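Q: Pasting a structure below so you can have a look.
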Amino acid sequence: MVRSIVIPHDQARSPRLRHLATASEFQAAVDGWLEPIEMPALGVTVYVNEAARREHHPINCRAMALWWLYSADPTQYPIFLGDVVLTSTDDGEEATALLERIVGDIFEQREFVVQVRPSGQDSWRDSFARFHDVFDAATWCMLLINTLGPGGRLRLESRTPQPDAFGPALSESDALW
């Protein structure tokens with residue numbers, strides 16, 4: 001049995017963590033015959049429906065955003081169509097830790113802070129861009145990276161959300177400071 005993440009193309013449907021044991025279970029998750037796309041730097045395989053291009057399935061923006069976020073080369077990524085299954089191909093400790101990070105980023109409450117490293121500088125700086133959904137954060141970064149000048153870089157830092165120090169009554173208030 002393989003622990004996998006099923007990412008539907010329809011953003012109204014939530015991703016789900018599944019234990020898939022057979023090829024037929026993987027095929028049911030992607031609604032067709034399997035085409036594996038390897039991410040060897042991460043020890044992860046993305047399974048897609050092999051007929052998705054031919055049958056003009058809708059784009060899976062969330063899977064593409066995850067590829068950008070966790071890929072060793074985020075400038076090279078395929079266009080994922082239809083529902084996909086993300087699963088670890090390696091039982092090693094490092095691959096298991098990465099899959100746990102991906103699972104945590106998708107299914108646990110987190111805050112994602114976009115960090116920027118301008119060209120010619122060594123340190124990363126927090127931006128004001130913050131998200132509570134890894135898919136939104138990674139999609140935003142994937143689109144923004146093309147507007148940065150040469151050498152500028154972006155990354156996401158996943159953090160446990162901090163409770164509001166002022167409480168909900170003050171943060172929603174119209175009071176003047």
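The values are calculated or read from the model by the stated rules, or taken from the named source; none is laboratory data. Being a predicted model, the structure only gives us computed values, none of them experimental. Counting neighbours? That spans all protein chains shown, and the Cβs are built from the backbone with ideal geometry, glycine included.
Q: Would you check if there is a residue in region 107-118 being modelled with pLDDT of 90 or more, over 30 Å from residue 33 (Cα atoms), of a type in the set (Val, Ile, Thr) and surrounded by 16 or more Cβ atoms within 10 Å (Cβ to Cβ)?
A: Yes, region 107-118 contains a residue that is modelled with pLDDT of 90 or more, over 30 Å from residue 33 (Cα atoms), of a type in the set (Val, Ile, Thr) and surrounded by 16 or more Cβ atoms within 10 Å (Cβ to Cβ).
Q: With respect to the numbered conditions (1) touching a residue at least 24 places away in the same chain (Cβ under 8 Å); (2) loosely packed, with under 15 Cβ neighbours inside 10 Å, which one is the sole condition not fulfilled by residue 19?
A: The failed condition is (1).
Q: Given the residues 8, 15, which is the only one that is within 18 Å of residue 103 (Cα to Cα), out of contact with any strand residue (DSSP E or B) (no Cβ under 7 Å at 6 or more places or on another chain) and at pLDDT 90 or above?
A: From the options 8, 15, the qualifying one is 8.
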